[in-house]
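The values are calculated or read from the model by the stated rules, or taken from the named source; none is laboratory data. Keep in mind that this is a model prediction, so the values were computed, not measured. So basically every Cβ, Gly included, is an ideal-geometry build from the backbone, and we count neighbours across all protein chains shown.
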Amino acid sequence: MASVSDNVMKFFRNSSNQNVGSAVPQRLTRRSSGMGEISRLLNSEEALCVLDMGSTSASNIRFFTGKGHKIYSEDLLWSSLDPALRIQDNAGNPVLDSKKFLDENLVYPNARFDIVLCWNMPDYMEESLVKPTIDRLWSLMKPGGLLLAFFHTRDAGPDSICYRYHVTATDVLEMQEVKFAAPGRPATDKQSPRLQRVFNNRHIENLFRDFASIKFFLARDAIREVLVVR
Amino acid sequence: MDSPQTGEFAHIGKSVVIKGELSGSEDLYVDGNIEGNIELRNHSLTVGPNGTVKANVSAKAVVIQGKLDGAVTASDRVELRKSAAVTGDVTTQRIAIEEGAFLKGKVDIQKEAGKAAAPASS
């Protein structure tokens, strides 16, 4: 039987633990049509409630608080790697406990969000958690609220780098490779999450079927941006 | 911030466990385990790299290198160092977050009377 550590390691790429202890990874940039639309909302409204589901980003917190918006930060991809979530189903197969996951994450009894930034989280998260997470987000958003997510197209290889995204004052996003120390591994042994699957358009539409509308932007870098209205 | 001189701070070492209310009128460095509430009003709290705090915290300045679960209210500033792991809402005038720090919660920047808000820095 595979150990907990083995089960966790399937979420990480094999070849990315080089440069451990090196300086902060370099940031690349990409233009984002979805972020452009969200920027227009950010610039036209005051005191919006924003949920950033990427790794903690000082620059995102600075950006949103500087504009007078409320920012909530929650790194769901990291939280999904908690070994305590790993249980066995009736057949003895390892599965993730989605109920426990949602009992411990995305719990905001006093907040309703105008903007949710999912980034590329659904592509790197265990599949059994994705739909329950999107359903929870629906319940946490205000009607008319916007959700931005990035999905890889089939042209992306399995070793596509997992990026975190830092917003700027324009539609350009800064991208920085995500590296985690897997649970049970030394803090210095950081690895990059592995792309878990590629959702096609129909899967994406099913994920967001409870939302009011969905808009796709196909980018050149094998990313399909999805902007969803609650 | 490295471990401070003990003469400058009240120091709770890493083998110390405290459960209950903790208040004081001097700066506090916590490298141990505290569960309860911490109120330092006009002084600073530093949670060292070995510190584990499960408490709502109110202080002038809060510097976190270790783990903190609870709401943080700082009348001046909050600093999350690269080893920090904070779960809870942060309310302050200024916040600085180092690369690698983990935050799960809301950041609310309170404007100082008569001044514009000073947003987060990295």
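Could you pull out the residue among A:50, A:107 that is touching a Phe, Trp or Tyr at 6+ places or on another chain (Cβ under 6 Å), modelled with pLDDT of 90 or more and within 13 Å of another protein chain (Cβ to nearest Cβ)?
Numbers: A:107 fails: touching a Phe, Trp or Tyr at 6+ places or on another chain (Cβ under 6 Å).
Going through A:50, A:107 in turn, the sole match is A:50.
For beta carbons closer than 7 Å, sequence separation of 6+ or different chains, a first residue in segment B:78-105 that is more than 10 Å from chain A (Cβ to nearest Cβ) and under 15 Å from residue B:52 (Cα atoms) and a second that is at pLDDT 95 or above and not in a strand (DSSP E or B), the qualifying pairs are B:81/B:65; B:88/B:70; B:88/B:71. Annotation: residue A:163 fulfils all but one of (1) buried (at least 17 other Cβ atoms within 10 Å of the Cβ); (2) touching a Ser or Thr at 6+ places or on another chain (Cβ under 9 Å); (3) under 28 Å from residue A:62 (Cβ atoms); the unmet one is (2).
Among the numbered criteria (1) surrounded by 23 or more Cβ atoms within 10 Å (Cβ to Cβ); (2) at positive phi, which one does residue A:144 miss? Looking at each condition in turn, residue A:144 falls short on (1).
The criterion of at least 3 residues that are more than 22 Å from residue A:105 (Cβ to Cβ) is met, among strands (runs of 3 or more DSSP E) falling completely within segment B:27-76, by B:28-30, B:33-39, B:44-47, B:52-64. Looking at B:40, B:45, which is the one that is of a type outside the set (S, T, N, Q), at pLDDT 95 or above and touching a strand residue (DSSP E or B) at 6+ places or on another chain (Cβ under 6 Å)? Going through B:40, B:45 in turn, the sole match is B:45. Remark: pairs (first residue in segment A:209-228, farther than 17 Å from residue A:38 by Cα and without any contact (Cβ under 8 Å) to a residue 40 or more places away in the chain; second residue exposed (fewer than 11 other Cβ atoms within 10 Å of the Cβ) and of a type outside the set (A, V, I, L, M); Cβ separation under 9 Å; 6+ apart in sequence or on different chains) are absent. Among the residues of segment B:75-122, the ones that are at pLDDT 90 or above, hydrophobic (A, V, I, L, M, F, W, C) and surrounded by fewer than 21 Cβ atoms within 10 Å (Cβ to Cβ) come to 3 in all. Among the residues of segment A:151-176, those that are assigned to a strand (DSSP E or B) and within 18 Å of residue A:73 (Cα to Cα) comprise A:163, A:164, A:165, A:166, A:173, A:174, A:175, A:176. For segment A:136-158, the condition of being without any contact (Cβ under 8 Å) to a residue 12 or more places away in the chain and closer than 24 Å to residue A:48 by Cβ holds for at least one residue.
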